[in-house]
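First up is the structure itself, then whatever we jot down about it.
The values are calculated or read from the model by the stated rules, or taken from the named source; none is laboratory data. If you're wondering where the values come from, they're calculated on a predicted model, not measured in any experiment. Cβ placement follows ideal geometry from the backbone for every residue including glycine, while neighbour counts extend to all protein chains displayed.
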Amino acid sequence: MPRAAIPFAATGRGPGRLALLLVFACTLALAAAGCGGNGDGTTTAATTTEPAATATEPTGTETTASGPPGAPRDGATVFADAGCGTCHTFADAGSTGTTGPSLDSSVLTKEQVEGQVRFPSGPMPSFADQLSDEEISAVAEYVVENRTG
(Lines give C-alpha, C1' and ligand atoms only; values in the text may rest on other atoms or scores of the structure.)
Protein backbone atom coordinates (compact mmCIF):
# COMPACT_ATOMS: atom_id res chain seq x y z
CA MET A 1 0.00 0.00 0.00
CA PRO A 2 1.54 3.39 -1.02
CA ARG A 3 2.19 5.98 1.66
CA ALA A 4 0.20 9.19 1.54
CA ALA A 5 2.12 12.39 1.02
CA ILE A 6 2.30 14.53 4.14
CA PRO A 7 2.16 18.29 3.46
CA PHE A 8 5.15 20.43 4.62
CA ALA A 9 2.96 22.30 7.10
CA ALA A 10 2.24 19.09 9.00
CA THR A 11 5.95 18.22 9.34
CA GLY A 12 7.13 21.62 10.60
CA ARG A 13 9.81 21.72 7.89
CA GLY A 14 8.13 23.85 5.26
CA PRO A 15 8.89 27.26 3.85
CA GLY A 16 7.08 29.00 6.74
CA ARG A 17 9.61 27.71 9.26
CA LEU A 18 12.50 28.75 7.02
CA ALA A 19 11.05 32.25 6.63
CA LEU A 20 10.68 32.56 10.41
CA LEU A 21 14.29 31.45 10.90
CA LEU A 22 15.51 34.03 8.36
CA VAL A 23 13.53 36.83 10.02
CA PHE A 24 15.01 35.88 13.40
CA ALA A 25 18.56 35.76 12.01
CA CYS A 26 18.18 39.18 10.32
CA THR A 27 16.75 40.73 13.48
CA LEU A 28 19.65 39.36 15.52
CA ALA A 29 22.19 40.66 13.00
CA LEU A 30 20.65 44.14 13.00
CA ALA A 31 20.63 44.27 16.79
CA ALA A 32 24.29 43.25 16.94
CA ALA A 33 25.27 45.89 14.39
CA GLY A 34 23.53 48.80 16.14
CA CYS A 35 25.39 51.81 17.49
CA GLY A 36 24.85 53.43 20.85
CA GLY A 37 23.09 56.76 21.09
CA ASN A 38 23.28 59.48 23.68
CA GLY A 39 19.65 60.51 23.59
CA ASP A 40 19.95 63.69 21.50
CA GLY A 41 19.97 62.08 18.07
CA THR A 42 23.75 61.86 17.81
CA THR A 43 25.56 58.58 17.98
CA THR A 44 28.45 57.60 20.16
CA ALA A 45 31.31 55.30 19.24
CA ALA A 46 30.32 51.63 19.15
CA THR A 47 31.71 48.40 17.80
CA THR A 48 30.73 44.81 17.42
CA THR A 49 34.13 43.21 17.65
CA GLU A 50 36.91 43.08 20.16
CA PRO A 51 40.24 44.66 19.19
CA ALA A 52 42.92 42.26 18.07
CA ALA A 53 44.72 40.62 20.97
CA THR A 54 48.35 41.51 21.50
CA ALA A 55 51.12 39.43 23.03
CA THR A 56 51.19 41.72 26.07
CA GLU A 57 48.67 44.11 27.49
CA PRO A 58 49.59 47.81 27.41
CA THR A 59 51.04 49.07 30.67
CA GLY A 60 51.56 52.73 29.87
CA THR A 61 55.33 52.34 30.05
CA GLU A 62 56.16 50.96 26.60
CA THR A 63 58.76 52.65 24.43
CA THR A 64 57.20 55.11 22.01
CA ALA A 65 58.62 56.71 18.92
CA SER A 66 58.61 60.01 20.80
CA GLY A 67 60.01 58.96 24.16
CA PRO A 68 62.23 56.64 26.20
CA PRO A 69 61.06 53.50 28.01
CA GLY A 70 58.77 54.47 30.86
CA ALA A 71 57.42 57.55 29.04
CA PRO A 72 53.64 57.77 28.74
CA ARG A 73 52.28 56.64 25.38
CA ASP A 74 50.83 59.32 23.13
CA GLY A 75 47.24 59.20 21.89
CA ALA A 76 48.14 58.12 18.34
CA THR A 77 50.13 55.17 19.69
CA VAL A 78 47.31 54.16 22.04
CA PHE A 79 44.78 54.46 19.18
CA ALA A 80 46.88 52.15 17.00
CA ASP A 81 47.85 49.66 19.71
CA ALA A 82 44.31 49.32 21.09
CA GLY A 83 42.99 48.56 17.61
CA CYS A 84 40.59 51.51 17.46
CA GLY A 85 41.10 51.84 13.71
CA THR A 86 39.84 48.31 13.16
CA CYS A 87 36.32 49.59 13.78
CA HIS A 88 36.53 53.36 13.35
CA THR A 89 37.40 55.62 10.44
CA PHE A 90 39.84 58.33 11.55
CA ALA A 91 41.78 60.24 8.91
CA ASP A 92 44.70 61.27 11.13
CA ALA A 93 45.37 57.62 11.95
CA GLY A 94 44.78 56.47 8.38
CA SER A 95 42.08 54.07 9.58
CA THR A 96 39.01 53.12 7.57
CA GLY A 97 37.03 50.84 9.88
CA THR A 98 33.29 50.82 9.25
CA THR A 99 31.89 48.78 12.14
CA GLY A 100 31.73 51.78 14.48
CA PRO A 101 31.01 55.41 13.64
CA SER A 102 33.58 57.67 11.99
CA LEU A 103 35.52 59.58 14.62
CA ASP A 104 36.27 62.36 12.14
CA SER A 105 32.69 63.61 12.45
CA SER A 106 32.39 63.11 16.21
CA VAL A 107 31.15 66.09 18.22
CA LEU A 108 31.96 64.59 21.62
CA THR A 109 34.10 66.48 24.13
CA LYS A 110 37.30 64.97 25.50
CA GLU A 111 35.47 64.01 28.69
CA GLN A 112 32.68 62.35 26.70
CA VAL A 113 35.20 60.36 24.64
CA GLU A 114 36.91 59.24 27.87
CA GLY A 115 33.53 58.13 29.21
CA GLN A 116 32.75 56.24 26.00
CA VAL A 117 36.08 54.39 26.18
CA ARG A 118 35.48 53.43 29.83
CA PHE A 119 31.70 52.85 29.79
CA PRO A 120 30.60 52.38 26.18
CA SER A 121 27.03 52.22 24.96
CA GLY A 122 25.92 49.74 22.36
CA PRO A 123 28.17 46.85 21.43
CA MET A 124 31.52 48.65 21.88
CA PRO A 125 33.69 46.86 24.46
CA SER A 126 35.06 48.74 27.47
CA PHE A 127 38.77 49.50 27.48
CA ALA A 128 38.84 50.46 31.19
CA ASP A 129 40.62 47.22 32.09
CA GLN A 130 43.03 47.39 29.13
CA LEU A 131 44.16 51.02 29.19
CA SER A 132 45.42 53.19 32.04
CA ASP A 133 43.70 56.47 32.91
CA GLU A 134 46.60 58.31 31.24
CA GLU A 135 46.20 56.27 28.03
CA ILE A 136 42.44 56.85 27.94
CA SER A 137 43.02 60.57 28.41
CA ALA A 138 45.70 60.59 25.69
CA VAL A 139 43.56 58.77 23.12
CA ALA A 140 40.54 60.97 23.89
CA GLU A 141 42.63 64.11 23.43
CA TYR A 142 44.09 62.72 20.20
CA VAL A 143 40.62 62.05 18.76
CA VAL A 144 39.18 65.43 19.77
CA GLU A 145 42.18 67.45 18.56
CA ASN A 146 42.63 65.65 15.22
CA ARG A 147 39.10 65.03 13.95
CA THR A 148 38.24 66.59 10.60
CA GLY A 149 34.54 67.27 11.17
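Cβ-Cβ below 7 Å, separation at least six or inter-chain, first residue in the stretch 125-136 and part of a loop (DSSP other than H, G, I, E, B), second loosely packed, with under 12 Cβ neighbours inside 10 Å and modelled with pLDDT of 95 or more: which pairs?
Qualifying pairs under 7 Å: 126/119.
Do you know which of the residues in the stretch 138-149 that are within 18 Å of the chain's Cα centre (by Cα) and surrounded by fewer than 20 Cβ atoms within 10 Å (Cβ to Cβ) is farthest from residue 93 (Cα to Cα)? Break it down into steps so the answer makes sense when it comes.
Just the residues of the stretch 138-149 that are within 18 Å of the chain's Cα centre (by Cα), to begin with: 139-140, 142-144, 147.
Checking which are surrounded by fewer than 20 Cβ atoms within 10 Å (Cβ to Cβ) leaves us with 144, 147.
Numbers: 144: 13, 147: 10 Å.
Selected residue: 144.
Based on what the data block shows, is residue 95 modelled with pLDDT of 95 or more, touching a Cys at 6+ places or on another chain (Cβ under 8 Å) and of a type in the set (Ser, Thr, Tyr)? Give the steps one after another, and end with the answer.
On the way: modelled with pLDDT of 95 or more: yes; touching a Cys at 6+ places or on another chain (Cβ under 8 Å): yes; of a type in the set (Ser, Thr, Tyr): yes.
Yes: the conditions hold for residue 95.
State which residue is nearest to the chain's Cα centre (by Cα) when the search covers only the stretch 103-128 and only residues that are buried (at least 19 other Cβ atoms within 10 Å of the Cβ) and polar (S, T, N, Q).
Checked the stretch 103-128; the qualifying residue nearest to the chain's Cα centre (by Cα) is 116.
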